Amino acid sequence: MKYTVSSLMIAASVIALAANANAAEYEFDPYIGLNYNYTDADADHQSPKYNSLSVNVGTDYNQYFGTELFYQYSDEEKKNINLIDNKTSFQAYGLDLMGYLPLGCDQVYSLIGTAGVGEYIFDRKFSGINSPSDYDDHGIGYRFGAGLQYKIDDKFTVRGLVRYVNLNGIDDYNDMWEYTAGIKYNF
């Protein structure tokens, strides 16, 4: 029994030292990225779909954890509902926490998990039977996502993400699903 407990303690110590040595090799790694986003929103009386670009600036603190600031700007979605022309677009900015799970011996593939918060600003324009109207509505979006990334080399990484955004405090908008493909450049 003593031999088994001693062996387990030695094995745990070796694993902990190996993990610590691996973490010591990894250093602060800032990056900039560009993404294409397809967004499917759930809004009252309509389901707008947006194409957008987002820019992100972030850093990986080690191979398992990072943070990222983002800015996103969408195109204009146009619909005619009950003889009223409805045009909407949005922009967003915020912070995401990034978790990575490297796969395989080479660790060029990683699973990604994200959680974050952003400010979403919707520009809405209505025209038709009554006089035209234009107003902005904004609120907080809570973002949760998962995806996969591939490290091409030490500088370039491509990734794909699926993200759920729960919108809070925005009239007529409940939530959105975003599908993202992007590339990032590490400095």
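The values are calculated or read from the model by the stated rules, or taken from the named source; none is laboratory data. This is a predicted model, so every value here is computed, not measured. Note that we place each Cβ from the backbone using ideal geometry, even for glycine, and neighbour counts take in every protein chain shown.
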Complete set of residues in region 108-137 that are at pLDDT below 90, under 26 Å from the mean Cα position of the chain (by Cα) and surrounded by fewer than 14 Cβ atoms within 10 Å (Cβ to Cβ): Asp136
Hits in region 7-62 - residues which are among the hydroxyl-bearing types (Ser, Thr, Tyr), surrounded by 11 or more Cβ atoms within 10 Å (Cβ to Cβ) and modelled with pLDDT under 75: Tyr26
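Yes or no, residue by residue, for (1) of a type in the set (Asp, Glu); (2) within 20 Å of Asn37 (Cα to Cα):
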site	(1), (2)
Asp96	yes, yes
Val108	no, no
Glu119	yes, yes
Ile140	no, yes
Test: residue in region 145-163 that is of a type in the set (A, V, I, L, M) and either in contact with a Pro (Cβ under 6 Å, 6 or more places away or on another chain) or in a loop (DSSP other than H, G, I, E, B) (or both): yes
Count - residues of region 141-161 that are surrounded by 17 or more Cβ atoms within 10 Å (Cβ to Cβ) and out of contact with any Lys or Arg (no Cβ under 9 Å at 6 or more places or on another chain): 3
Residue within region 130-145 that is more than 19 Å from Glu178 (Cβ to Cβ), among the basic types (Lys, Arg) and touching a strand residue (DSSP E or B) at 6+ places or on another chain (Cβ under 6 Å) present: no
Only one of Tyr164, Tyr93, Tyr185 that is within 23 Å of Val55 (Cβ to Cβ) and either surrounded by 15 or more Cβ atoms within 10 Å (Cβ to Cβ) or touching a Cys at 6+ places or on another chain (Cβ under 8 Å) (or both): Tyr93
